[in-house]
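Below: the structure, in C-alpha cells.
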Amino acid sequence: MKIAIIGYGKMGHVIEQIAKERSNEVVLILDALINPQDFTAENLRKADVAIEFTRPDAAYDNIMKCFNAGVPVVSGTTGWLEKLPEAKRMCKEEGKTLFYSSNYAIGVNIFFRVNKFLAKLMNHYTNYDVNMQEIHHIHKLDKPSGTAITIAEGIIENVDRKDSWTLDPKPTDKQIYIDVLREGEVPGTHTVNYTSPIDDITITHVSHNRNGLALGAVLAAEYLVGKPSGFYTMDDLMDF
C-alpha cells in the first residue's frame, strides 16, 4: 500500500516508522512548515490513502484537498468536529472516503466500549454521580481532547440523568464535569469516576506512548484499500 503522510510532527514520524514496518510504502510526506508547496492533487494521487494528523485549524482543509484529489483519507486530528457533518455528507452524497476517529489506539476503543457498558449499568443507580479527568501533553491544543468528548458522549447516550459535558468545576446536576490537565509529554490518560456517599467506581486508560495511535491509524489506512467510498470509524475496523 502507498501512503501519504500529512503532518510530520511526532505522530507523523511514528506513523512513518510503523507503516514501513508493516511493509507499506510512504510515497509522500507533507508538512505545512516544511513543504507546503508539495501539497498538490498530483502528488496526493501517488498514494492509495492519506493519513492526516495535523492541527484543528488545518484538518478540514487538508481533508478537502484529499477529497478533491480523489484520495481516501484517515484523519486523527481532533478539535474540528463542527465541520465533521459536512465531511460525512460528502462521503454519503459525493462518493468521498473518510476514516475518522478521535483516538485510533485499539486499547482506547476497547475502553470506549467498556465505558458505554458501565454507563448502561450505572443508569439504574442514581445515587452515583459521574465525572471525568483527561491528561495530555502541553502541546495539545484542543480542550477537552477528542477522546474525552467521545467518552463523555458514551456516558450521555446511556445515563438518562446526564445531557451534556462541561469544563466548569461547578457543573449542574445534568452535566458531566471534565477536569482537563496538560502536563509534560503525557501521551494521554483518561479516567471516568462514578462517586457515591458509599463508594467510588473508577475506570482508567493510560497510554504509554504514541505507538498505539500510530498503529491504529495505519491499520485504518490498510482497511480502506479496496473499500467502497463512505465514512468509516474504528467500529468498522474492530467489527464492534
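None of the figures in this text is laboratory data; all of them are computed from the coordinates on show. This one's a predicted model, so the numbers in the text were calculated from it and none came from an experiment. Note that each Cβ is placed from the backbone with ideal geometry, even for glycine, and that neighbours are counted across all protein chains shown.
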- Of all DSSP beta bridges having both residues in region 106-207, the percent classed as antiparallel (nearest 5) is 60 percent
- Loop-only check: which GluC sites (Glu not before Pro) in region 165-240 are DSSP coil with at most 14 other Cβ within 10 angstrom? 183, 185
- Task: Give a quick list of chymotrypsin sites (Phe, Trp or Tyr not before Pro) in region 43-139 that DSSP marks as loop, anything other than H, G, I, E or B, with at most 11 other Cβ atoms within 10 Å.
- Result: 125
- Grab the DSSP H runs of the chain that are 4 residues or longer, score each as -39,500 (n - 2.57), total them, divide by all residues and round the 222 nm result to the nearest 500 deg cm²/dmol. -11000 deg cm²/dmol
- Query: When the dipole is taken about the Cα centre of region 34-75, and only Lys, Arg (+1) and Asp, Glu (-1) are charged at their Cβ, what size is it in debye, to the nearest 20?
  - Reply: 60 debye
- Contact order relative to length for region 69-136, counting C-alpha pairs under 8 Å separated by 6 or more residues, stands in percent at 31 percent
- For region 16-62 and region 181-197, write down the distance between their C-alpha centroids in whole Å. 31 Å
- Note on the structure: Rounded to one decimal in nm, the spacing of the 7 Å Cα→Cβ label points at residue 196 and residue 113 is 2.7 nm
- Work out which helices of the chain, taken as complete DSSP H runs, extend at least 27 Å along their axis over the Cα atoms and score a mean Kyte-Doolittle of 1.6 or more, then list them. none
- Message: If the only charges are +1 at each Lys and Arg Cβ and -1 at each Asp and Glu Cβ, what is the size of the charge dipole of the chain around the Cα centre, to the nearest 20 debye?
- Response: 320 debye
- Note on the structure: For residue 95, the net charge from surrounding residues (Cβ-Cβ under 14 Å; K, R +1; D, E -1) works out to +3
- Inter-site label distance for residue 13 and residue 182 at 7 Å from Cα along Cβ, in nm: 2.1 nm
- Message: Set the bar at 31 Å for Cα to Cα. Now go through 140/162; 2/92; 96/170; 46/143 and name every pair that lies beyond it.
- Response: 96/170; 46/143
- Find, among the trypsin sites (Lys or Arg not before Pro) in region 21-116, those assigned to loop by DSSP (not H, G, I, E, B) with at most 16 other beta-carbon atoms within 10 angstrom. 22, 45, 46
- Note on the structure: Two pseudo-spin positions, 7 Å from Cα along C-beta at residue 23 and at residue 123, lie apart in nanometres by 4.5 nm
- Alpha carbons only, please: Rg and Dmax for the chain, in angstrom. 18.7, 63
